[in-house]
Amino acid sequence: MVALLAMGASACGGSPHRAPPASRTPAPQPSAAPSGQAGVAWTYDALMRRLHGRRLRVGGRSVRIDRDTVACGGVGRPARRVDGAPAWTRFRCVQPTFPPGAVAGPDAIFIVEPTGRHEVAIRARRLTRY
């Protein structure tokens, strides 16, 4: 009985010895932007300047992107460096919503792909709740 209990505890994570974390393979980088310009990459700061104040249509709603509350991260390894800062060709973003009469609403989740010097494609828009 004791042996069964010991085996059950180790199978449920009771053992102090754990397997090393699995290696993470970076997401594939797009080879060209939809506009046909290959290698358009922006820094995080450039992304924030271009997204702030923009309205995003998602789930039948219009959500304003606010640089103070939006969270974005570059996907994969940086494509290059611009003035020493890393720059990406794709970003994943989450913008919380704050509907009237509620503390918080569903988050808008979306992908941003720079397509030119000042242009972006916003894809995979959706609302979610946690």
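Cβ-Cβ distance of Ala124 and Asp83, R₀ of 35 Å, FRET efficiency by 1/(1 + (r/R0)^6): the value works out to about 0.75. Would you tally the net charge around Arg64, using a Cβ to Cβ cut-off of less than 12 Å, leaving Arg64 out, and scoring K and R as +1, D and E as -1? Summing Lys/Arg as +1 and Asp/Glu as -1 gives +3. Taking amide H as placed 1.01 Å from N in the peptide plane, the amide H of Arg64 sits under 5 Å from that of Leu56, each at least 5 places away or on another chain. The H on the amide N of Gly39, modeled in the peptide plane, is under 5 Å from the matching H of Ala33, each at least 5 residues off or on a different chain. In this structure, the amide hydrogen of Val82, modeled 1.01 Å from its nitrogen in the peptide plane, lies closer than 5 angstrom to those of Ala87, counting only residues at least 5 positions away or on a different chain. Backbone phi angles across the stretch 81-93, fed through the Karplus curve with coefficients 6.51, -1.76 and 1.60 (θ = phi - 60°), yield HN-Hα couplings of 10, 10, 6, x, 9, x, 10, 10, 9, 8, 10, 9, 9 Hz in residue order; Gly and Pro are listed as x.
Read the figures in this text as sums done on the coordinates, not as results from a lab. Just so we're clear, the structure is a prediction, and the values are computed from it rather than from any experiment. No Cβ is skipped: glycine too gets one built from the backbone with ideal geometry, and neighbour counts run over all protein chains shown.
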